[in-house]
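Everything below concerns the one structure shown next.
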Amino acid sequence: MKIYISYSFSVLFVFFLIFSAFSQTADELSAARNKKLGLRYEMMGDKYSAIEQYSAFLKKKPENRYYLNKVAHLYLETRNYLLAEIYFEKALKLSPHPKPELMFSYARVLKMNGKYEEARKVFTSYRKKVRPGGRNEVFRKQAKIEIEGCDLILNNLLNDTTRLTEIRILDTTVNKLHTDFAPFPIDEKSFIYSSVRTDRAVYFSSVSESFSEYSSFYKAIAENGNWKGGMKLSDSFNLMKKNVGNPYICPHGNRIYFTVCESDENHQIICSIWYSEKNGNNWTAPVKLPKTINKPGTTNTQPAAGFEPRQNREVLYFVSNRKGGKGGLDIWYSILDPKTNEYTEPKNCGSKINTPMNEATPFIDLNTNKFYFSSDGLAGIGGYDVFSTVGALRKWEEPKNAGIPINSSADDLWYRTFPHNPDKGFIVSNRGGGTSMAGITCCDDIYEFTVKQSIFLKISGRVISFENLNKELYIEEFIDKPFKKLPSEGKLLDSATVSLFVVSGNEEILVKPFITNAEGMYLFRLEPGYSYKMTASKNGYFSSNYSLSTKNINHSDSFFHDFVLRKIPVKPLIVKNIYYLFDKYTLTDSAKAVIDSTIYQLMIENPEITVEISSHTDSKGSDSYNMTLSQKRAQSVVNYLIKKGISPDRLIARGYGESQPVAPNEFEDGSDNPEGRAKNRRTEFKVTGIKQDYQSFMYED
């Protein structure tokens, strides 16, 4: 079921204190006139003037439940949670049988005012009132999640004792009375951000169909330990009579994405994503992304650029309310094809991230490869909470709440870290204590955070090659298992790939690949609280795996592990002890056990290889008979592997009969050679190539 939950303009783009240019003393008008003007202002997007008119109406008709509820929702949408609570409470007291929607909204406002015990009680009552499986089932499930969020704070589950984080609001050179949002660090000495840089109310003229003020891009720099902002960027980014925001520079630094938002003919805000490319020291004129991204009739905003882990293609993540999502605002992604320079059709990031509510402000921390975003549909302590996860595209670890003090009872968005320091960055919040024009939680401000104490974990090591030069090669010698002693003849492998995965249940989620240097070295930063797996691989070698866990680690530490990659031989590997009954090709139970511990295991450890399974006979019987029997025996092994889940296009069955003996079937005097015949009755395993579409198949979708 798809559901659209109301989301404020601030989450789409930026929150304005929008007033109409026309005003009249509301108390002097009739109740009917108040209602008419209130509706007019509401349709124009002037929620403050609508509140003024509806409030004047309620002075004349104080027990009108409909308008009490309407004013309460308008206060909620303008983020005045204290007054929203008062009006919701009045509406509830006058309702002998309150609608479930009213109870749900009241409970959310209580939660956002930090009244967690009261909010928990109302959410619980709401769940009892709403019939399971009915039209409000999505909200009923959401109420359960809201209760979990209340429990997080009531049970003190979000105070991470291993991290000490300080947070402070930036001064008024950065934060003005309106919203200041979407900071993007350039380096540790500067960042760019978006702001409606005025201390006056922003007016919308219904005559000119335009705002009196627009958001623009500004720069802030660090001076003597403080940030000084307000330096407006060039006009090439600050488009005339357009609201611009959400700057995001892609990882290679030659492209900047940003959002442009405009009001349509119905006074609805529609946002689109634009970009500019670096040309020397300058930036090209901004260009709107194609309709593939900016789907007509939908909002597309808050771009974030990263890399697809395996093939290193640029990925554009963004927020949209297009159809096919999980809720109101979802996070989507599109891959930039390096050959055509075109974006693929956007795909939803999936239900690990997106909920029936709203998700917003994605960000990729390139230091840790963590993916940050905000959500009001996951278990949190406020409206929008910041969450982190690892993964890419549609494959993600379960998100983790960023905890206190990053999150508050209000909205917390736009989590950003510095390019080379994941322990320092910014968030945007409308929590109490900021600079505000209308109510203590009306407007977003930029805050700086610094992690003063944290756990630092890393793992490093080498990748070493090993070539087996024995005359006869047996498959069990190539199964990935530790060497008791590192081979002295091994060489350090440069350009090998060491891939780091997070293990979540039965899923392995790729975090980051590392290409070894000339000394064969690799290095990863790890995060506490995860189960990890690493895989080392290189063309021409069997891969090797290593697992470790950082769960329950409460101090900084370093780990070391050397990988030994066994070189794939040109000649086939002999698989011992696959026996058949005389004149039969059906696998015995003992043969299946051998396959499980050798061929199958090697195929699982090396999911990119394609192989030939061959069967051979001795010279007893006719050539044609032996050829047919050996083909059936090879096919029986292939069929068994397919049944266990190995893709058929990775397997080839070949029967060679008696044509490729490895030992004499008879002695020189013509007598029988039982030992030679036994060697010739064999099954072999040979790597024939690499599955070309393995990377895109496994990691794109």
Problem - residue 389 under 30 Å from residue 114 (Cα atoms), buried (at least 23 other Cβ atoms within 10 Å of the Cβ) and polar (S, T, N, Q) - result: no
Practice task
Using the structure shown, decide if residue 340 is closer than 19 Å to residue 308 by Cα and assigned to a loop (DSSP other than H, G, I, E, B).
Solution key: yes
Practice task
Would you point out the residue of segment 538-575, among those that are outside any loop (DSSP other than H, G, I, E, B) and among the polar types (S, T, N, Q), that is farthest from residue 476 (Cα to Cα)?
Solution key: 558
Practice task
Would you point out the residue of segment 39-89, among those that are in a helix (DSSP H, G or I) and of a type in the set (Gly, Ala, Ser), that is surrounded by the most Cβ atoms within 10 Å (Cβ to Cβ)?
Solution key: 84
Handout entry: Residue, nearest to the chain's Cα centre (by Cα), within segment 607-624, restricted to residues that are closer than 19 Å to residue 639 by Cα and buried (at least 20 other Cβ atoms within 10 Å of the Cβ)
Key = 611
Fill in the blank from the handout: Going through segment 120-159 in order, the residues found to be more than 14 Å from residue 110 (Cα to Cα) and without any contact (Cβ under 8 Å) to a residue 12 or more places away in the chain are 128, 131, 132, 133, 134, 135, 155, 156, 157
Exercise for the section: Examine segment 373-382 for a residue that is surrounded by fewer than 21 Cβ atoms within 10 Å (Cβ to Cβ) and either in a loop (DSSP other than H, G, I, E, B) or in contact (Cβ under 8 Å) with a residue 24 or more places away in the chain (or both), and state whether such a residue exists. Expected result: yes
Problem - Positions within segment 383-400 being closer than 25 Å to residue 105 by Cβ and at pLDDT below 95, in sequence order - result: 383
Practice task
List the strands (runs of 3 or more DSSP E) that sit entirely inside segment 210-286 and contain at least 2 residues that are in contact with a Gly (Cβ under 9 Å, 6 or more places away or on another chain).
Solution key: 216-223, 255-263, 269-279
Completion exercise
Over segment 459-510, the set of residues in contact (Cβ under 8 Å) with a residue 24 or more places away in the chain, under 30 Å from residue 663 (Cα atoms) and either assigned by TED's automatic domain parsing to the domain that holds residue 600 or part of a loop (DSSP other than H, G, I, E, B) (or both) is 467, 468, 472, 473, 479, 480
Handout entry: Residue within segment 330-347 that is surrounded by 20 or more Cβ atoms within 10 Å (Cβ to Cβ), within 30 Å of residue 116 (Cα to Cα) and either of a type in the set (Asp, Glu) or touching a residue at least 60 places away in the same chain (Cβ under 8 Å) (or both) present
Key = yes
Exercise for the section: Taking residue 403 as the residue in question, decide whether it is within 21 Å of the chain's Cα centre (by Cα), assigned to a loop (DSSP other than H, G, I, E, B) and surrounded by fewer than 22 Cβ atoms within 10 Å (Cβ to Cβ). Expected result: yes
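The values are calculated or read from the model by the stated rules, or taken from the named source; none is laboratory data. Quantities reported herein were computed from a predicted structural model and do not represent experimental measurements. With ideal geometry, Cβ positions are generated from the backbone for all residues, glycine too; neighbour counts draw on all protein chains shown.
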